[in-house]
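Engineer: Pasting a structure here, questions to come.
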Amino acid sequence: MTTSTFHIKNMCCERCIIEVKRIFQNAGIAPLTVRLGEVVVKKAVSPKAQDKVMKNLEASGFSLASSDDEKLVVNIQALLVFYLREYLLQKKKLFKISSYLSKQLNKSYSLLSRVFKKNTGITIEKYFIKLRIEKAKELLILNQIDIAEIAWLLGYSSSQNFSTQFKIETGKAPGEYRVDPEPERIQLPRLVKQNFKQ
């Protein structure tokens, strides 16, 4: 069976998957699979349908990755979101992020780092810190677990290390943020758009 694959920038969660699927269906394209950063369809897409998809993706804060480097960055971002959700937060067996990305993408980490920094303006490590801080903001706002447990969930070696990094990134200690959640959370697509060179 012939398939076509679209690499989509700025996807980060289940809601993004639902929205992107809806955009393709509204253009008359039934996706075989939709996952973070990728849509697979079972046949070639007409230029007219692809144009409609592109316009609707952009209207919803997404866009198509066209170059090989952009596609690689989309894959790295999707894997980092998956790593945070499936390995770190679920406390499954952890791998070094460098080893994890290299294995998943079958490329050297130095190449991945170079391409990511060139196309986003930040390092993979800094991007992952931002992902963790945004998740910390969410957990602080929900106010269901204490700060020490948030630090543990997010893989910090101590509450102090977590608090230090959180303050560097937000200007506030976690306890202060819980009382007054400013700066507001950055939704991950916006985080990606801020750092992904168009």
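Engineer: Step through the residues of the range 115-127 one at a time and calculate ³J(HN,Hα) from phi using the Karplus curve (6.51 cos²θ - 1.76 cosθ + 1.60, θ = phi - 60°), rounding each to whole Hz and writing x for Gly and Pro.
Structural biologist: 5, 5, 5, 4, 8, 10, x, 10, 7, 4, 4, 5, 4
Engineer: What's the ranking of 103-110, 77-84, 158-165, 17-24 by average number of surrounding C-beta atoms within 10 Å, highest first?
Structural biologist: Values: 103-110: 12.8, 77-84: 20.2, 158-165: 15.2, 17-24: 18.5.
So the order, starting with the most tightly packed, is 77-84, 17-24, 158-165, 103-110.
Engineer: Express the carbon and sulfur contribution to the solvent-accessible surface of the chain as a percent, rounded to the nearest whole number, probe 1.4 angstrom.
Structural biologist: 52 percent
Engineer: Further question: Kindly list the residues of the range 1-34 that lie in the label zone of residue 126, defined by a backbone N under 20 Å from the point 7 Å along the Cα-to-C-beta vector.
Structural biologist: Taking a point 7 Å out along Cα→Cβ of residue 126, the residues of the range 1-34 whose backbone N falls under 20 Å are 10.
Engineer: Here's a follow-up. Taking 29 Å as the cut-off for C-alpha to C-alpha distance, list the pairs among 96/135; 21/130; 55/103; 21/71; 55/137 that go past it.
Structural biologist: Beyond 29 Å between Cα atoms: 55/103; 55/137.
Engineer: Scan around residue 11 for amide H atoms under 5 Å from its own, H built in the peptide plane at 1.01 Å from N, and keep only partners 5 or more places away or cross-chain.
Structural biologist: 37
Engineer: With a probe of 1.4 Å, find how much accessible area the range 1-58 has per residue, and write the answer as a whole number in Å².
Structural biologist: I get 58 Å² per residue for this part.
The values are calculated or read from the model by the stated rules, or taken from the named source; none is laboratory data. Small disclaimer: the values here were computed from a predicted structure and weren't measured. Ideal geometry is used to build each Cβ from the backbone, glycine not excepted, and the neighbour counts take in all protein chains shown. The protein model used for the area step is the full one, side chains on, heavy atoms only, and it has no ligands, DNA or RNA in it. Shrake-Rupley method; radii C 1.70, N 1.55, O 1.52, S 1.80 Å.
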